[in-house]
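Student: Let me begin by handing over the structure; questions about it come next.
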Amino acid sequence: MSEVVLSTLNARYIHASLGLRYLYANMGELQDRTRLQEFTIEQRPEDIVEQLLTPNVSIIGFGVYIWNVLKTTEVIRLIKVIRPDINIIIGGPEVSYEVDEQPITALADFLILGQADVSFSELCHQILDNNPPPKIVSSLPFSLSTLASPYPFYNEQDIAHRVIYVEASRGCPFKCEFCLSSLDKTAVAFDLKVFLDHMQKLIERGARQFKFVDRTFNLKADTSKEILNFFLNHIDKGLFLHFELIPDRLPEILLELLPKFPANSLQFEIGIQSFNPCVQKRISRRQNHEKTCHNLRWIRENTEAHIHADLIFGLPGETLSSFGEGFDLLYELNPQEIQVGILKRLRGTPIARHTEEFDMRYMSTPPYRILAHKDADFETVQRMVRFARYWDLIGNSGRFNHTLPLLLQKGPFHQFMSLSDWLFNTTTQTHRIALNRLFDLLHEFMSNTYTGPIEEFEAALLADYKNNKLKGLPNFAKDNVKPKTSNPTISNAGQRQQRHNKA
């Protein structure tokens, strides 16, 4: 039986932990005594603990992130009640900074700060040799070339049913203050030939969905070109690739390749965050406005790539008005998705330096979301939280392709904010709104606000309803259906005339 367990709680089953597989790959001679066990945050802590506590376990390591820290804390607390003899090691971005303030760090026996790829194995050796170090372990720098690869440890179940996370480089050279990657000194690439050899083996094993976790995939054009060419040679196998792009960097060498990828094969996550130049400067974000807009337009007009573009509300100095202007501009650039995020103060990020000047107030528990600042009070932030949720339901879902342009034609941000306010005042809900009901709610809202022919909007709404393959008719369409006559091609008056003639 295993003496060491590597575990984490993923947000969803489809997410397979790349970090755990790095740790497992680099366990050395302890690998045969180690097992990897993943859960999701939807599972009950006591059920997770029951699966972890096999008799021979003496060490359990947990990967801790913003989305799982609360549930992981509950799991560790239970383990310490049932099996206090087990050594608990925690690591990950959520517990690498401000550690003295966290209940989970008090419960754990050991804490690894920073990249634990090598340090975890070393710590396990020390514990098993009865020579444990102090509780807090700071991982030492290492060369990426010394790491054993995690990719052989995606199993057949992962390959068949889960997204395969990969990285061709680690780190980020940019200093955006809301992001933990701002603490990196630079981006460092893995050996490209070795990396592509592992990708080849994954494809041969049947992997089809690859999500690159690189913060800056297009940082070095020559490397990006080789990776894209590699996957293009296998694109007939039905691959789906996700990359995060720097928005204002799209060199000629990539312009030649991107149009060659077919539909449903490329997704680009493009972080805009803010179009406000004063806000960009304040948070140390370098972004060329003209190039960013040009590149987004070019990708939409010349490729089949799906663009997922990010904006963040709540940055210091960003008002509701300036955010709305940025939203309208991004909507006009026409990405398939606009992700409206609400600022989070991640532990360790330099965004904290603006707290006093801008009176920035955050939740004290995950996800540490902004509650208010001097340019956006609590009510305004709450409106934007609801806006983001409803935008996901309506704008990003792909369910309202005919309806959305009519809904937003008088100004995307202003019009959708009006809808968002109305939806919440009408339903007091942001979740668990049945799709059928959502169609009727949109009809009710537009019946009172749409200045064009309401029949035009109803036709668009009905087309989307049918495209969603919902059964029956929505209520607004039922109201417009006339009772059937015995002969649908003859009017009621015509039927009366027929009866008269027969008489």
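Student: If I fit a long axis through the Cα atoms of helix 320-333 and take the longest principal axis of the Cα atoms of the chain, what angle between them do I get, 0 to 90°, rounded to 10?
Tutor: Value to nearest ten degrees: 80.
Student: Applying 1/(1 + (r/R0)^6) with R0 = 30 Å to the Cβ-Cβ distance of residue 422 and residue 369, what FRET efficiency is obtained, to the nearest 0.05?
Tutor: Calculated value: 0.80.
Student: My understanding is that a pair violates if its Cα-Cα distance is over 26 Å; which of 281/374; 211/281; 211/344; 237/471; 71/175 do that in this structure?
Tutor: Violating the 26 Å Cα-Cα cut-off are 211/281; 237/471; 71/175.
Student: Arrange the following residues from fewest to most other Cβ atoms within 10 Å of their Cβ: 293, 278, 124, 172.
Tutor: 278, 293, 172, 124
Student: A further question follows. Can you compute the FRET efficiency between residue 129 and residue 237 using 1/(1 + (r/R0)^6), with r the Cβ-Cβ distance and R0 = 45 Å? Round to the nearest 0.05.
Tutor: Approximately 0.45, to the nearest 0.05.
Student: Among rounded, prolate and oblate, which fits the range 154-376 when a ≥ b ≥ c are the square roots of the eigenvalues of its C-alpha gyration tensor, a/c under 1.5 means rounded, and a/b larger than b/c means prolate?
Tutor: Cα axes put the range 154-376 in the prolate bin.
Student: Sort 112-119, 401-408, 450-457, 143-150 for me by packing, meaning the mean count of neighbouring Cβ atoms within 10 Å per residue, highest on top.
Tutor: Top of the packing list down: 112-119, 401-408, 143-150, 450-457.
Student: Which whole-angstrom value gives the distance between the alpha carbon centres of the range 348-367 and the range 24-49?
Tutor: Result: 33 Å between the Cα centres.
Student: In addition: Among 93-101, 188-196, how do they line up by average Cβ neighbours within 10 Å per residue, starting with the highest?
Tutor: Peptide ranking by packing, descending: 93-101, 188-196.
Student: Using the alpha carbons of the range 367-474, what is the convex hull volume per residue in cubic angstrom, as a whole number?
Tutor: Convex hull volume per residue, Cα atoms: 111 Å³.
Student: Report the FRET efficiency, 1/(1 + (r/R0)^6), for residue 146 and residue 205, where r is their Cβ-Cβ distance and R0 is 25 Å, rounded to 0.05.
Tutor: So the FRET efficiency works out to roughly 0.50.
Student: Please report, to two decimal places, log10 I(q)/I(0) for the chain at q = 0.05, 0.12 Å⁻¹ as given by the Debye formula with identical point scatterers on the Cα atoms and no solvent.
Tutor: Debye output, listed in q order: -0.25, -1.26.
Student: May I pose another question? Put +1 on the Cβ of each Lys and Arg and -1 on the Cβ of each Asp and Glu in the chain; which of 161, 54, 93 then has its Cα farthest toward the positive end of the dipole?
Tutor: 161
Student: Show the residues, 5+ positions off or on another chain, whose built amide H is closer than 5 Å to the amide H of residue 66.
Tutor: 94
Student: Which angle from 0 to 90°, rounded to the nearest 10, does the C-alpha axis of helix 412-427 make with the longest principal axis of the chain?
Tutor: That helix lies at roughly 90 degrees to the long axis.
Student: Sticking with this structure for a sec: Can you pull out the GluC sites (Glu not before Pro) in the range 231-296 whose DSSP state is coil and whose Cβ has at most 16 other Cβ atoms within 10 Å?
Tutor: When the GluC sites (Glu not before Pro) of the range 231-296 are filtered for loop state and at most 16 Cβ neighbours within 10 Å, 256 remain.
Student: Here is a follow-up. Taking every DSSP beta bridge that has both residues in the range 154-376, what percent is antiparallel when rounded to the nearest 5?
Tutor: Bridges in the range 154-376 that DSSP calls antiparallel: roughly 25 percent.
Student: Separate question: Answer rounded, prolate or oblate for the range 4-142, using the Cα gyration tensor with square roots of eigenvalues a ≥ b ≥ c: rounded when a/c is under 1.5, else prolate when a/b is larger than b/c, else oblate.
Tutor: Because its axes are fairly even, with a/c under 1.5, the range 4-142 counts as rounded.
Student: Treating only the Cβ atoms of Lys and Arg (+1) and Asp and Glu (-1) as charged, compute the dipole magnitude of the chain about its Cα centre; round to the nearest 20 debye.
Tutor: It works out to roughly 1660 debye.
Student: Sticking with this structure for a sec: Ranking request for peptides 388-395, 352-359: highest mean number of other beta-carbon atoms within 10 Å first, then the rest in descending order.
Tutor: Answer by packing, highest mean first, reads 388-395, 352-359.
Student: Sticking with the crude label model, points 7 Å out along Cα→Cβ, report the distance from residue 81 to residue 325 in nm, one decimal please.
Tutor: For the pair residue 81/residue 325, the computed spacing is 5.5 nm.
Student: In whole angstrom, how far apart do the alpha carbon centroids of the range 177-204 and the range 113-127 sit?
Tutor: Centre-to-centre distance over Cα atoms comes out at 21 Å.
Student: Can you pull the Kirkwood radius for the range 110-153, inverse mean 1/r over Cα pairs, to one decimal in Å?
Tutor: Mean inverse Cα-Cα distance, inverted, gives 11.5 Å.
Student: Further question on the same structure: Could you pull out every residue, at least 5 positions away or on a different chain, whose amide H is within less than 5 Å of the one on residue 40? Hs are placed 1.01 Å off N in the peptide plane, and Pro or chain starts have none.
Tutor: Under 5 Å from the amide H of residue 40: 10.
Student: Two-decimal Rg/Rh of the range 290-422 from alpha-carbon positions, Kirkwood Rh?
Tutor: 0.99
Student: Rounded to the nearest 500, what is the chain's calculated 222 nm mean residue ellipticity when only DSSP H runs of at least 4 contribute -39500 (n - 2.57) each, over all residues?
Tutor: -11500 deg cm²/dmol
Student: So, one more: Return the whole-Å distance between the Cα centroid of the range 232-265 and the Cα centroid of the range 66-106.
Tutor: So the two Cα centres are separated by 40 Å.
Student: Under a crude label model (7 Å from the Cα following the beta-carbon direction), how far is residue 260 from residue 415 in nanometres?
Tutor: It is 4.0 nm.
Student: Enumerate the amide H contacts of residue 166 below 5 Å, restricted to partners 5 or more residues apart or on another chain; note that Pro and chain-start residues carry no placed amide H.
Tutor: The list, which skips near neighbours in sequence, is 211, 212, 213.
Values in this text are rule-based calculations from the coordinates and carry no lab data. Here the structure is a predicted model, which means the values were calculated and not measured. As a convention, Cβ positions derive from the backbone with ideal geometry for all residues, glycine included, and neighbour counts pool all protein chains shown.
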